[in-house]
Amino acid sequence: LGGYYLSGLDRCMVASLGTGTSFIYVNQDKHVHAGGTGIGGALLAALARNGLHIDDVGEFMELALKGDINHTDLLIKDISMSSVDYLTGDVTVANMAKITEESSPEDYAYGVCNLVFQNVGVMAILADRSNMTGKIVVMGSIGRSKVARQIFDAVGNLFGYEFIVPDEALYGVAIG
């Protein structure tokens with residue numbers, strides 16, 4: 001309800017991005033749990049800690065801003081000379097498929113962030129398919145990071161959705 005309130009929208013899908021992620025459809029009359037996933041901040045933190053020995057998730061996400069998806073994910077352009085329907089060459093086919101022991105810390109960090117935020121974004125859109133709001137409101141602190149915003153924007157552009165991360169997204173649960 002906090003995401004709905006902060007968004008100012010008549011209806012929306014709220015993605016509560018915490019340890020895991022839950023999806024809630026909200027309008028003036030109802031709120032309905034539309035699904036969830038174990039993918040969220042806990043996975044991001046575990047992969048940061050175990051992959052690069054970084055305990056500060058904010059530091060890890062800053063590092064990710066210097067990474068390159070061309071060095072992390074298998075993309076459509078890696079396996080096809082042309083786009084597939086509406087999927088352009090820069091769309092991920094397999095998350096982190098290009099990560100090796102020789103990968104840079106920046107590329108590893110980007111690959112992990114892309115894995116988490118891309119999958120949360122796609123799942124939020126799928127959870128909203130029956131409501132077709134076109135708006136995903138993201139709650140939680142990690143969703144406010146610059147790398148999360150970039151990835152959510154890319155997912156939104158691909159599917160014709162808008163991802164909204166209110167300034168007060170950290171306080172969404174308390175406001176609700």
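The values are calculated or read from the model by the stated rules, or taken from the named source; none is laboratory data. For clarity, every value in this text was computed on a predicted model and none was experimentally measured. Note that we place each Cβ from the backbone using ideal geometry, even for glycine, and neighbour counts take in every protein chain shown.
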### Query
If we scan the stretch 65-80, do we find a residue that is exposed (fewer than 12 other Cβ atoms within 10 Å of the Cβ) and of a type outside the set (Phe, Trp, Tyr)?
yes
### Message
Going by what's in this entry, would residue 37 be described as touching a residue at least 24 places away in the same chain (Cβ under 8 Å), closer than 24 Å to residue 128 by Cα and not basic (Lys, Arg)?
### Response
yes
### Positions within the stretch 81-122 being modelled with pLDDT under 95, among the charged types (D, E, K, R) and either more than 18 Å from residue 153 (Cβ to Cβ) or crowded, with 21+ Cβ neighbours inside 10 Å (or both), in sequence order
85, 101, 102
### Query
For the stretch 23-56, what are the residues that are within 21 Å of residue 3 (Cβ to Cβ), touching a helix residue (DSSP H, G or I) at 6+ places or on another chain (Cβ under 8 Å) and β-branched (Val, Ile, Thr)?
24, 26, 37, 39
### Task
Could you check, for the stretch 161-175, whether at least one of its residues is among the small types (Gly, Ala, Ser) and either modelled with pLDDT of 95 or more or part of a loop (DSSP other than H, G, I, E, B) (or both)?
no
### Task
Taking the residues in the stretch 75-129 that are of a type in the set (D, E, K, R) and in a loop (DSSP other than H, G, I, E, B) as candidates, determine which candidate is nearest to the chain's Cα centre (by Cα).
128
### Test: residue in the stretch 114-133 that is at positive phi, aliphatic (A, V, I, L, M) and out of contact with any Lys or Arg (no Cβ under 9 Å at 6 or more places or on another chain)
yes
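Residues are listed down the side, and each one gets a yes or a no for (1) surrounded by fewer than 13 Cβ atoms within 10 Å (Cβ to Cβ); (2) modelled with pLDDT under 95; (3) not in a helix (DSSP H, G or I):
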residue	(1), (2), (3)
14	no, no, yes
22	no, no, yes
45	no, no, no
49	no, no, no
55	yes, no, yes
60	no, no, no
